[in-house]
1. Please work out if residue 117 is hydrophobic (A, V, I, L, M, F, W, C) and over 25 Å from residue 184 (Cα atoms).
2. If you scan segment 36-76, which residues turn out to be without any contact (Cβ under 8 Å) to a residue 12 or more places away in the chain and of a type in the set (Asp, Glu)?
3. Search segment 63-75 for residues being assigned to a strand (DSSP E or B) and among the aliphatic types (A, V, I, L, M), and hand back the single one that is most open to solvent (accessible area, probe 1.4 Å).
4. Mind listing whichever residues of segment 76-91 are at pLDDT 95 or above and open to solvent by less than 50 Å² (accessible area, probe 1.4 Å)?
5. Given the criterion over 16 Å from the mean Cα position of the chain (by Cα), at pLDDT 95 or above and among the acidic types (Asp, Glu), identify the matching residue among 59, 67.
6. Can you tell me which residue is modelled with the highest pLDDT among those in segment 1-55 that are closer than 30 Å to residue 82 by Cα and β-branched (Val, Ile, Thr)?
7. So the check is Cβ under 8 Å with 6+ separation or different chains; which pairs have a first residue in segment 117-138 that's β-branched (Val, Ile, Thr) and a second one that's open to solvent by less than 20 Å² (accessible area, probe 1.4 Å)?
8. Does any residue of segment 213-220 turn out to be closer than 28 Å to residue 120 by Cα and among the charged types (D, E, K, R)?
Amino acid sequence: MKGPTGALEGGSASAQNCYGGGGSIMLWQKRPDLEREFTRLDLRTSAGRDSYGGKFKGDVNQTLAEDRAGYRLPFSIGLEKPFWLGSDRDIGERFTVAPSFLFKPSDELKFGLDTMFQYGDTPGYQGINVVDGRPAGSWDWDSDISSILGRDGRDRYLAFSVMPWMEWAPTEDYTLRAGGGFGWTGLEYNHFGPNSSGYNEKTPYEVSYHDRISRNYNAYVHNIYKL
């Protein structure tokens, strides 16, 4: 299994199921384009009998100071309501904004600043007990377990990052890149679902809670010479 699993869990042996996955995903933030200006907007919606969702996305790119500077502003706003969520429960909300700035004093030298802010507060994962292909006990496919238990199962996520950088290319063959940054993430969730050890009438569900804060610092210098 390739992707973020390996980055989060390490390169364990493949015998450990999904935790043996290797590889990682590299994310490169959108940066200003000094060659052109543009504004892109996109709206997507979906709806079902008891569910709906929508996402509004935008990407604004502007140049300044006679094409020697510029900024870019990608953003996203999303709302969602799962079919099982009761009418008295809060729907899901997700927001992302990632402004970046670029200053180019000469053709050989660039300075930049990448920033990002993310927020999410969505209904937490839940599962329905199923035996022989049908909901077990008093459950049905539309049961809102959070409501039944008198709890508010939620996923809450907050993150931001600040990353300055520079690039100097005095010749066609040599490039020097340097930068660094700080990232902060906070994740908290309450999940409700079937007992992991199998269906049991006395204990048909289990609750899992997680709360984590991460702080990441990084710095890098790349010397690139083409032969």
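1. no
2. Result: 66, single match.
3. Initially, segment 63-75 is screened for residues assigned to a strand (DSSP E or B), giving 63-64, 69-75.
Restricting the remaining residues to those that are among the aliphatic types (A, V, I, L, M) gives 64, 69, 73.
On the way: 64: 87, 69: 17, 73: 58 Å².
Here the answer is 64.
4. Across segment 76-91, the qualifying residues are 76, 78.
5. The match here is 59.
6. Ranking the qualifying residues of segment 1-55, first place goes to 45.
7. Every condition considered, the pairs that remain are 122/92; 122/154; 128/143; 128/145; 130/136.
8. For segment 213-220, residues closer than 28 Å to residue 120 by Cα and among the charged types (D, E, K, R): present.
The values are calculated or read from the model by the stated rules, or taken from the named source; none is laboratory data. Note that this is a predicted model, so its numbers are computed, not measured. Neighbour counts run over all protein chains shown; Cβ positions are idealised from the backbone, glycine included. Please note that ligands, DNA and RNA were not included when accessible areas were found on the heavy atoms of the full protein model with its side chains. Shrake-Rupley method; radii C 1.70, N 1.55, O 1.52, S 1.80 Å.
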